[in-house]
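Accompanying notes for the structure given below.
The values are calculated or read from the model by the stated rules, or taken from the named source; none is laboratory data. Everything numeric here is computed off the predicted structure, so don't read it as measured data. Cβ atoms come from the backbone with ideal geometry, glycine included; neighbour counts cover every protein chain shown. Side chains are part of the model used for accessible areas, which takes the heavy atoms of the whole protein and leaves out ligands, DNA and RNA. Shrake-Rupley method; radii C 1.70, N 1.55, O 1.52, S 1.80 Å.
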Amino acid sequence: MSHTEAPIRIGTRGSQLALAQASEVRARLMAAHGLPEDAFGIEIISTSGDRILDRPLSEVGGKGLFTKEIEAALLDGRIDLAVHSSKDMATASPEGLVITAFLEREDVRDAFIGRDVATIDDLPRGATVGSASLRRQALMKRLRPDLDVVIFRGNVQTRLRKLSEGQADGTLLALAGLNRMDMASTATEVLSVERFPPAPGQGAICIQSREGDERIAELVAPI
């Protein structure tokens, strides 16, 4: 790719974490090919998962809600590649799209963030823990059947705000996301994979592109 070509358009969600992930991909591509920042454009695409915050994901379409609008933009040529959290991906890409690359995986573990206590074991009986993830809800109920587990939707900053406002006594987030935003100190307890198994793909950023797009395949191969 030369400097005179049109910028490579990178599609992403608009959350702080999603933008950090897209920026990491851009930085790696710049370093791998000796390209300036303006050789790439980051295109923010609003997804259903970001807009629908009043219902559990399982009731309105599941994980695909965080990817389908981005995948549509990729299919119709509005973007050249998409950056996703692998754990948000469906088990199969839509026809015409492929996973081109994964970045080196970050920490796979979940983190507990307590408002007044540091660990899950320290929570008093009947305390409230908020999570949007069915996996996390189920694991929390297995560890502490006495807790009240409630739906907690929104991006990292939204969930931390809800926690600080007292809407719950604790919440759970992926440690990888906190690390990527330099917020690891927010975690009050890091949960072992034996005690709290992570989601498939957690901690891994994936790059999706159009099937047969050799230019993009060659671009991302070095990273």
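General remarks:
- Label corresponding to Cα extents along the principal axes in Å when calculated from the structure given, among [x] 71, 36, 33; [y] 76, 36, 31; [z] 62, 33, 31: [z]
- Separation in nanometres of the label points that stand 7 Å from Cα toward Cβ, at Leu19 and Ile99: 2.7 nm
- Neighbourhood charge, 11 Å Cβ-Cβ cut-off, centred on Arg180 and excluding it, Lys, Arg +1 and Asp, Glu -1: -4
- Antiparallel beta bridges, as assigned by DSSP with both residues in the chain, represent about 55 percent of the total such bridges.
- Within straight-line cross-link reach of Lys68, lysines at Cα separation under 16 Å, skipping those fewer than 8 residues along the same chain: Lys87
- Placing dummy labels 7 Å off each Cα toward the beta-carbon, the span from Ala6 to Glu194 is 5.4 nm.
- Based on Cα atoms of the range 138-211, Rg over Rh with Rh as the Kirkwood radius reads 1.01.
- In the chain, the DSSP-assigned H stretches of four residues or longer account for a calculated mean residue ellipticity at 222 nm of -8000 deg cm²/dmol, using -39500 (n - 2.57) per stretch and the full residue count as denominator.
- In this structure the chain gives 46 Å² per residue of accessible area when probed at 1.4 Å with all protein chains present.
- Annotation: average projected area of the range 92-223 is 9.2 square nanometres, based on the convex hull of Cα atoms across all directions.
- Element breakdown for the range 68-129 at a 1.4 angstrom probe: carbon and sulfur atoms account for 47% of the accessible area.
- Scoring 191-197, 178-184, 131-137, 83-89 by mean Cβ neighbours within 10 Å over their residues and listing the highest first yields 83-89, 131-137, 178-184, 191-197.
- Length added when fully stretched, Arg215-Ala90, from 0.36 nm per residue minus Cα-Cα: 42.5 nm
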